[in-house]
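Down below is the structure, laid out as C-alpha cells.
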Amino acid sequence: MKSYKLIIIGSHSVGKTTLLNAYFGKATSVEYKPTLGFDIRSKLIKDGSRSIHLTIWDMGGQLLFSKFYDRLFKETNIIFLLYDITNPLSYHELQTVWMEEIKKRKLLKVPIIIIGNKIDLKEKRAVNPDEVQEYVKKHKLDYVETSALKGINVTTLFDEVINHL
Ligand SMILES: Nc1nc2c(ncn2[C@@H]2O[C@H](COP(=O)(O)OP(=O)(O)OP(=O)(O)O)[C@@H](O)[C@H]2O)c(=O)[nH]1
Ligand SMILES: [Mg+2]
C-alpha cells in the first residue's frame with residue numbers, strides 16, 4: 001500500500017479545517033476555531049483494486065506558529081494552498097508568504113492545487129478571478145474553487161487528486 005502526505009496551507013480563516021471537515025463528512029460550523037499548530041488526520045482510500053493511505057496535515061494559518069513549518073513541509077507529496085475569495089489579504093499572502101515558502105523549500109515540483117474557497121459568498125468576491133487564472137497559468141498550478149462550508153466541489157477535488165496519485 002502506498003502512503004502519501006497532503007498538506008493544507010494558507011492564511012488564517014481561509015477555511016482549511018472546514019474543507020477537511022467537509023471531506024471527512026464531519027459537520028461544518030460557521031463558528032471559527034483557529035487551528036493551533038497543526039492537526040494530522042489520516043484516511044484509508046480504496047480506489048478500485050488499490051489502497052492508498054493518505055495523511056493530511058491541516059496547519060494553523062497564524063504565522064506565529066512558523067516554527068512548525070519544517071515538520072509540516074517535510075516529505076510532502078501534495079499541497080493544497082487556499083485563499084478566501086472574499087479576502088484580498090489572503091490572496092496577497094498566498095503569493096508573498098506561502099508560495100515563497102514553497103519555493104524556498106524547493107517544493108515547486110510537488111503538485112500544488114490553488115483553492116479559492118468560500119464561493120457560496122460569490123457576491124462578496126474581492127479577488128479578481130482573471131488575475132488568479134493568470135497567476136496559476138504562469139506558475140503552472142492547478143486551480144479549483146470550493147465552498148467548504150456548503151460542500152461545493154470538495155469531494156470532486158479530493159477524488160481528482162487521488163486519481164492522479
Ligand atoms: N461562507 C463560508 N464560510 C466558510 C467557508 N469555509 C470556512 N468558512 C468559515 O470561515 C471561518 C474559518 O474557517 P476555518 O476552517 O477554521 O479556517 P482555517 O483556515 O482552518 O483557519 P486557521 O486554522 O486559523 O488557519 C469559519 O467561521 C468557517 O465557518 C466557506 O466555504 N464559506
Ligand atoms: Mg484551521
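The values are calculated or read from the model by the stated rules, or taken from the named source; none is laboratory data. Please read all numbers here as calculations on a predicted model, not as lab measurements. When we count neighbours, we look across all protein chains shown, and the Cβ atoms used for this are built from the backbone with ideal geometry, even at glycine.
Brief remarks follow.
- Filter pass, residue 82 being touching a residue at least 40 places away in the same chain (Cβ under 8 Å), touching an Asp or Glu at 6+ places or on another chain (Cβ under 7 Å) and within 30 Å of residue 45 (Cα to Cα): no
- Counting the residues of the stretch 20-42 that are of a type outside the set (Val, Ile, Thr) and farther than 19 Å from residue 73 by Cα gives 12.
- Within the stretch 52-79, considering residues that are surrounded by 15 or more Cβ atoms within 10 Å (Cβ to Cβ) and touching a residue at least 60 places away in the same chain (Cβ under 8 Å), the one farthest from ligand 2 (Cβ to nearest atom): 52
- Any hit, the stretch 63-74, residues being under 26 Å from residue 149 (Cα atoms), within 17 Å of the chain's Cα centre (by Cα), at pLDDT 95 or above and of a type in the set (A, V, I, L, M): no
- Annotation for the stretch 129-147: no member residue is within 14 Å of residue 9 (Cα to Cα) and within 16 Å of the chain's Cα centre (by Cα).
- Residue in the stretch 123-143 that is in contact with a Gly (Cβ under 8 Å, 6 or more places away or on another chain) and surrounded by fewer than 17 Cβ atoms within 10 Å (Cβ to Cβ) present: yes
- Checked against (1) under 18 Å from residue 14 (Cβ atoms); (2) in contact (Cβ under 8 Å) with a residue 40 or more places away in the chain; (3) loosely packed, with under 13 Cβ neighbours inside 10 Å, residue 163 passes all but condition (1).
- Any hit, the stretch 37-51, residues being without any contact (Cβ under 8 Å) to a residue 60 or more places away in the chain, crowded, with 19+ Cβ neighbours inside 10 Å and closer than 20 Å to residue 163 by Cα: no
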